[in-house]
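Structure, as C-alpha cells:
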Amino acid sequence: MKRRAQPSTPAPPPERGVKAATFRLLLDTAMEIIRDGHIPSVAEVAVRSRVSRATAYRYFPSRSALVTAVIDSSLGPVRTLSSNVPDGRARVHELFEQTFPRFREFEPQLRAAAQLALEQWALERAGLLEEEPYRRGHRIRILEHAIAPMKGELTPALRQRLHHALSVVYGIEPVVILKDIWGLPDREVQRVALWMADALIDAALAQSAPGRLARVAGNGTRVR
C-alpha cells in the first residue's frame, strides 16, 4: 500500500512585535485576494501589502506555505476540536454542526486550497512542480476522533471503511458538488452532508451486526 503523505502544517507564526504585525498583514492580504477569486503568488501578496518581496518570501517561501497558513487560520478551531460526547454518532453530528458553518464562512479559501492541490498534482505528475506540494488531509485525524467511541461497535475493518467514507462527505468537496451542480443553499448542504454521514454510520453498524451476533453465540456473553 502506498504510504499516505502527511498533510501540510504551517510554521509557528511570530507572536509579537513588528514580525507578528507583518505576518498578519501578509496573511490578511492573501485572504482578501483569495476572496476576490484567485490564488495569489507570494510576490502579488507582497505588492498588495506594500512589503518587499524579500520580506514576504521570508515568511512564505512558496504558494504552498502561503495557502497552508491561510487554511490553518481559517480552520484552526476545527482542527483543535475535541469532544467528550461518548456516543459516536452524536460526536459526528457535533463535528458536522460545528464545522460546516465555518466551511461556509471560509469557502473561498477552502476552494483555493483544493484548486492548488489539484494544480500541483498535475504539475508533479508532469515533473514540472517547482515548489513543495500543498498536502491536504487534516480531516483524517479530525474524523478519527469523531468515530473513536465506535471502537466497541465496529470491527477494525468496518471502522476504517467508515473513516474513509466519512472523509468524502466532510469538507469542501460536498459543498462544491451540492452548491455548484445542484444549486443548494448553504443550510441544505449541511443537512445533506449530515444525512449522508448518518447513512454511512447506519450501513457500517448494519454490516457489523452479524459479526457481533456470532461472537455472542460463541462466548455466551450478551452484547447490547
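The values are calculated or read from the model by the stated rules, or taken from the named source; none is laboratory data. This is a predicted model, so every value here is computed, not measured. Note that we place each Cβ from the backbone using ideal geometry, even for glycine, and neighbour counts take in every protein chain shown.
Exactly one residue out of Val92, Val45, Val78 is modelled with pLDDT under 95 and touching a Phe, Trp or Tyr at 6+ places or on another chain (Cβ under 9 Å), and it is Val78. Number of residues in the stretch 17-40 that are buried (at least 17 other Cβ atoms within 10 Å of the Cβ) and either touching an Asp or Glu at 6+ places or on another chain (Cβ under 6 Å) or not in a helix (DSSP H, G or I) (or both): the value is 2. Within the stretch 129-178, the set of residues being in contact (Cβ under 8 Å) with a residue 40 or more places away in the chain, part of a helix (DSSP H, G or I) and closer than 17 Å to Ala203 by Cβ comprises Leu143, Ala146, Ile147, Met150, Leu158, Arg159, Arg161, Leu162, Leu166. Scan the stretch 104-119 and tell me whether some residue there is surrounded by 15 or more Cβ atoms within 10 Å (Cβ to Cβ), touching a Leu at 6+ places or on another chain (Cβ under 7 Å) and polar (S, T, N, Q). Within the stretch 104-119, none of the residues are surrounded by 15 or more Cβ atoms within 10 Å (Cβ to Cβ), touching a Leu at 6+ places or on another chain (Cβ under 7 Å) and polar (S, T, N, Q). When Arg53, Arg125, Arg63 are checked against the criterion of being surrounded by 15 or more Cβ atoms within 10 Å (Cβ to Cβ) and basic (Lys, Arg), Arg63 stands alone in meeting it. Among the residues of the stretch 58-67, is there at least one that is in contact with a helix residue (DSSP H, G or I) (Cβ under 6 Å, 6 or more places away or on another chain), free of Cβ contacts under 8 Å to residues at least 24 places away in the same chain, outside the structural domain of Ile201 (by TED's automatic domain parsing) and in a helix (DSSP H, G or I)? Looking for residues that are in contact with a helix residue (DSSP H, G or I) (Cβ under 6 Å, 6 or more places away or on another chain), free of Cβ contacts under 8 Å to residues at least 24 places away in the same chain, outside the structural domain of Ile201 (by TED's automatic domain parsing) and in a helix (DSSP H, G or I), one finds none in the stretch 58-67, hence no.
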